[in-house]
1. Which value in nm describes the separation of the simple spin-label points at B:ASP488 and B:LEU165, placed 7 Å from the Cα toward the beta carbon?
2. So what is the orientation-averaged projected area of chain B, using the convex hull of its C-alpha atoms, in nm²?
3. Please give the per residue volume of the convex hull enclosing the alpha carbon atoms of region A:11-134, rounded to a whole number of Å³.
4. Computed over the Cα atoms, what is the radius of gyration of region B:284-386 divided by 2.2 N^0.38 Å, N being its residue count?
5. Whole Å is fine, so just give me how far the alpha carbon centre of region B:110-135 lies from that of region B:243-294.
6. Over the Cα atoms of the protein assembly as shown, what radius of gyration and what Dmax do you get, in Å?
7. Mind listing P(r) for region B:165-267? All alpha-carbon pairs, 5 Å bins, whole percents.
8. So, counting K/R as plus one and D/E as minus one, what does the shell of residues with Cβ under 12 Å around B:ASN405 add up to?
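What follows is calculated from the coordinates using simple rules that are stated; it is not laboratory data. Keep in mind it's a predicted model, so treat the numbers as computed, not measured. Don't worry about glycine lacking a Cβ; one is built from the backbone with ideal geometry, like all the others, and counts go over all protein chains shown.
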Amino acid sequence: MLHSKKSKEDGKTRVLVIDDEDRFTKMVKLNLESTGMYSVEVLNESRKAVEVARDFKPHIILLDVVMPEADGGDVANSLRTRTATKEIPIIFVSAMISQKESHSGFYESGGEHFLAKPVSTETLSGAIEEVLATL
Amino acid sequence: MSSTPSNPLPEHPRKLLLLSADPAEEALLSRHLDSENHGEHELKLVASLDELKSLELETSCHAILLDIRAGHDEALESIKWIGRLQSQVALICLCANHEQLNSFKPVIHLIDDYILADTLPHGELCIRISHAIRRRIQEYELLHEQDLLRSLMENIPDAIYFKDLESRFTKVNRAMARSYGHNVDSVIGRSDFDLFTEEHALPAYQDEQRIIETGQPIISKIEKETFADGHSKWVNSTKVPLRNHYGRIIGTMGISRDISDLKRVQDKLTEEHRLLTTILNNIPDRIFVKDREGRYIASNRLHLKFLGVTDEAQVLGTTLYDHFPKERAEKYFNQDMDIIRTGIGLINSEESRTMPNGRVIWYLTSKVPLIDETGKCVGIVGISRDVTTQKEDEDKLRKTIKVLNETQLQLIEAEKLKTVGRLAAGVAHEVKNPLNVVSLGIDYLCSKIDGSDELADIIQDMKQAVEKATRVISQLLDYSSPHEVAADPRDINAIIRDVLVMMRHNFNEAHIRVEPDLAENLPLVALDTQKTDQVFINLFLNAISAMKGGGVLHIRSYSQRMKSTGANVSGEMTELFKVGETMVTVEVTDTGHGIASEAADKLFDPFYSTKSTGGGTGLGLSVTRSIVEMHRGMITLENRKNTPGACATLYFPVSPDTHAPL
């Protein structure tokens, strides 16, 4: 519902990628944008998550779990307590999850969505579409 | 009497010495003697007492004829001197008349006979002389015997006594009187009742009366004498009837020896012997003693039992050969003889003996030489202890220690693995991020190339390399992830089929024919589907890599009951499964190269791989086993019998509530 309400100015889905690993975020941005379906903003300093999300207004956030400043759990909490950002769906991306646990690399547990690193472009976009489709 | 010294002179002819101041007397007497009995006498004149004194009388004559007519004083001196000798030589005085003889009254007892010289009756002289000589000898012998008896009575330490018919002492020796605290004379006329308590006096009296009645002696009776003052002593007493000249019993006589000291020693010995016997018979060891010839001379009760007899008499004097088979007897006998010969004992020699019921009994035997008081070896003493229990305990202990050591090794191994797991988790995380950068980079490049086959190939190679690295890292992470299973009752056949479908391309590529042989209606097993998938994927991948040129993969499933803990059931299995419990078993058999013998022990070790570097992580089987064990199951991997290939067998327990398919 929210997704449909949010406007896609250029017809692209806005994706915010929060990860302390800048080469990873760079690659995600490159790959997702090269599909022509996404507009990607990256953030390597997790404590700025709320601020950036508020400005960028992403349709979905890809959030790393293990980060030095504020970890994925803290960031998700912050986002979900702010009116402006609390409706944005989050997919956690973690190297701590094994491929087996995440099955095909993407899975749901306790109402949360997870992606296991390393993740392919195909899996990434598939997961994004799947989550957005349920809204 | 043999103890009487006999006259050194022959009896004939009679040698006579004439002590006379008148030489004419010699001729006169000689003539007289010759006329009575010619040649029977030799008469020699001795002129003075001094001359007589110079002679060895008993070798010189049988009798002295002393002429007392000449001078009284000289004659008196001669009589006294001869009498004092108390020899066997008879003294006959030649006197004028009886009055003359009477003047020698004080010494008359020293004179054996007299002859009235002036009126010598014909034929009487020789007889008188002969009688005098005989009397002299008899008296001499009597005196001698009296001396012996007195000597005996006075010096012997044994008590000697004579009693009359009423058991009153008539004579006692000095030792006896002294032992009673009396002198010899004061005891005479008294009875035992005066000297001892009635406790001793009465039976002694009764004994003596019986001897008097029956004439039967009592020989060597050991009796206790308790004196009136309370002190007592032990005596060895012999009592015999006392008979007079005519053989009539006139009393008793006895001799008793104080054996108090001996008795004390004997009592002590008896007591010590009793003590020793008690110890020997109650000690928990077998004890035996043998002589130089190997004959038993002592055996305690336990050793009797060991030999299978009840009475020591059945053993004493027998040898080993009477109790043991020849071979065994010979061994022990030689051992004994060695000890006797060398004097060197055998200490704590361990021996075993198999009993008829098959139980092996262990002994610790020591044998030492038996040395007598002169230091000579006269046999052996043996002591043997049953140490079966200790021996069995030792064995148990050894086994326990072995198990403990193995457990310790396993614990160390487990601890190592834990460390590896923790490291792996960290490493995996650190490696995955850069890997993802590379893989996403490749994705991007992939989307950008167009038309260049060469570039496409390179990128494809890179992609595969990254995928490979990712797989390794994922397995590492799986290995280190917490060992928890989300198990639900499942049909294991369904899992196998799913995996086979998933991997059908792999089998086709490797030219492997799959032959499933899955039993119908298998009981359900509590399984974590994802983890069990991984088990079969790993096993199938291993099979594929073992069958390089293609082959057959046979998968058989069936259920079975744990029958017994027999010899063909491994220890691990008996620990995991109870008899009667149902197991679902899956056998994965390939026709590949099998397991190399050097690999057999390490198959399940983490990071052990037979695949060439880059071919495998070495974690597959380790993870597989971990997963199987998480399900309370077991996995074995071994070569097939008689044909090339390996067979992995999985055992999963069927929980009681999951016997039937849902």
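1. 13.3 nm
2. If I average the Cα hull's projected area over directions, I get 66.4 nm².
3. It comes to 97 Å³ per residue, whole-number rounded.
4. Here the Cα radius of gyration is 1.04 times the empirical estimate.
5. Centre-to-centre (Cα) distance: 63 Å.
6. Using the Cα atoms of the protein assembly as shown, the pair Rg, Dmax is 66.7, 207 Å.
7. Per 5 Å bin, starting at zero, the Cα-Cα P(r) for region B:165-267 comes out as 2, 12, 21, 26, 21, 10, 5, 1, 0 percent.
8. +2
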